[in-house]
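Below is one structure, written out as structure tokens; comments come after it.
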Amino acid sequence: NPHPLPPAAPRQTPGHAGMSSPPVAVPAAFASSSPLVASRAQYDALYARSVADPAAFWGEIAEGFHWDRKYESVTAPDDNFDVQKGRIQTRWFVGGTTNLCYNAV
């Protein structure tokens, strides 16, 4: 990576009326100088896994999320990912409740 990120450091954010809020830490994953996907070959392997078994692939990814209520299944039993078998449809993380904004921060 020709432009690695600098080390994470707490930063002050402006508050109301000139007050500042507590320091905000940058998550380690964003402060790392190593990319999450290091090569085209790694990307291709991840993509192939996501297509071959979407429930297993995205289930592994979702383990890293905070869930207010954990999902019962990654996809629904009647989901279809194959256009040759009919209309594509899926429901992700059935029964689960999360806040993706919370997870992004």
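The values are calculated or read from the model by the stated rules, or taken from the named source; none is laboratory data. Since this is a predicted model, take the numbers as computed values, not measurements. Glycine also receives a Cβ, built like all others from the backbone with ideal geometry; neighbour counts cover every protein chain displayed. Keep in mind that these areas ignore ligands, DNA and RNA; they rest on the heavy atoms of the full protein, side chains included. Shrake-Rupley method; radii C 1.70, N 1.55, O 1.52, S 1.80 Å.
Per-structure values
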| quantity | calculated |
| --- | --- |
| Tabulated pairs, the stretch 66-86, first over 17 Å from ALA56 (Cβ atoms), second part of a strand (DSSP E or B) and of a type in the set (A, V, I, L, M, F, W, C), C-beta under 9 angstrom, 6+ apart or interchain | TRP67/PHE93 |
| Enumeration of residues in the stretch 52-83 that are hydrophobic (A, V, I, L, M, F, W, C), open to solvent by 40 Å² or more (accessible area, probe 1.4 Å) and over 17 Å from the mean Cα position of the chain (by Cα) | ALA52, PHE81, VAL83 |
| Helices (runs of 4 or more DSSP H) fully within the stretch 24-105 counting 1 or more residues that are on the phi < 0 side of the Ramachandran plot and β-branched (Val, Ile, Thr) | 40-52, 54-62 |
